[in-house]
1. Across region 19-31, in residue order, what do the Karplus-derived ³J(HN,Hα) couplings come to in whole Hz, using 6.51 cos²θ - 1.76 cosθ + 1.60 with θ = phi - 60° and x for Gly and Pro?
2. Check which residues have an amide H placed less than 5 Å from Ile49's amide H, if you skip close sequence neighbours.
3. What span do the alpha-carbon atoms of region 1-116 cover on each of the three principal axes, reported in whole Å from largest to smallest?
4. Which value, in debye to the nearest 20, gives the size of the charge dipole of region 1-116 about its Cα centre, when Lys and Arg are +1 and Asp and Glu are -1 at the Cβ?
5. Over all pairs of distinct alpha carbons, what does the Kirkwood formula give as the hydrodynamic radius of the chain, in Å?
6. Once both labels are modelled 7 Å past Cα along the beta-carbon direction, what's the Asp29-Ser150 spacing in nm?
7. Which angle from 0 to 90°, rounded to the nearest 10, does the C-alpha axis of helix 100-116 make with the longest principal axis of the chain?
8. Rounded, prolate or oblate: which fits region 50-101, taking a ≥ b ≥ c as square roots of the Cα gyration tensor eigenvalues, rounded meaning a/c under 1.5, else prolate when a/b beats b/c?
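Each reported figure results from applying straightforward, stated rules to the coordinates on display, with no laboratory input. Treat the numbers as computed from the prediction; the structure is a model and nothing was measured. Here the Cβ is made from the backbone with ideal geometry for all residues, glycine too, and neighbour counts use every protein chain on show.
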Amino acid sequence: MIKNNGKFIIKFEEQDKKFVEKLNWKKLDKGYHKAKEFFEGEDISPIKICFIYSPEEFLFFTGWLKLEKWVVACARNNNTIYIFAPSVVEKYTIHKNIHFYFTLLHEISHFFYRQAITSKDFAKFSLWNEGIAEYIANRKKPQNIDSHLSTLIEFRDEPVMNYKAGHLLIDCIMNEFGSTGNKKIIQFLKETDSNWTQKELFFKFEEIFGMNANILIELQGGIKK
């Protein structure tokens with residue numbers, strides 16, 4: 001079954017018909033524009049949302065080799081989001097139905113991130129990519145972290161930290177710099193490279209933001225004492 005409202009096209013099965021009929025399109029549209037304004041981007045339309053009904057189906061469409069229980073959706077090429085359907089999401093993932101809008105807005109943010117940060121290795125900056133997406137999704141205030149950031153690229157051995165620490169970093173920047181925060185974030189991402197050393201990255205951060213990244217987080221009360 002297909003539901004098309006112009007900006008969003010959803011493919012789903014009969015068991016999710018009632019859920020789709022009650023979708024809050026205004027909420028989706030509001031989040032879409034929040035992402036667009038953050039990245040000062042161009043329209044991305046239509047966004048195709050494909051409901052997934054099994055882990056095997058998810059792997060087939062995304063091309064991934066394995067799937068963790070915390071994964072619920074993926075933004076891929078052609079403006080397509082693959083997301084576990086509301087009718088099965090609690091069976092196959094750790095997420096609840098109430099996370100549906102957060103998840104979609106998170107994935108929509110990735111499209112605008114790719115549009116704005118066009119370098120070939122943009123995806124390696126997972127700390128920023130996931131952190132911005134969590135901020136756009138308007139999840140609850142990010143949790144404090146136990147220690148200083150050791151990287152400004154990504155936590156390879158603990159990918160969940162890219163969401164937690166990334167969200168905290170973006171939230172602290174936006175609280176500190178207000179309407180210019182997003183511009184500084186985009187500047188940092190455009191002027192750096194994943195081949196840089198962490199020392200070079202932290203130096204560039206301080207050059208753009210006027211303070212060390214960990215001091216910024218400390219000032220916002222984001223590091224546990």
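1. Values, residue by residue: 4, 5, 4, 9, 4, 8, 5, 5, 5, 5, 5, 5, x Hz.
2. Ile9, Ile10, Lys11, Ile81
3. 37, 32, 22
4. 240
5. Computed over Cα pairs of the chain, the Kirkwood hydrodynamic radius comes out at 18.3 Å.
6. Using points 7 Å along Cα→Cβ, the separation is 4.7 nm.
7. Taking Cα atoms only, the helix is inclined about 60 degrees.
8. oblate
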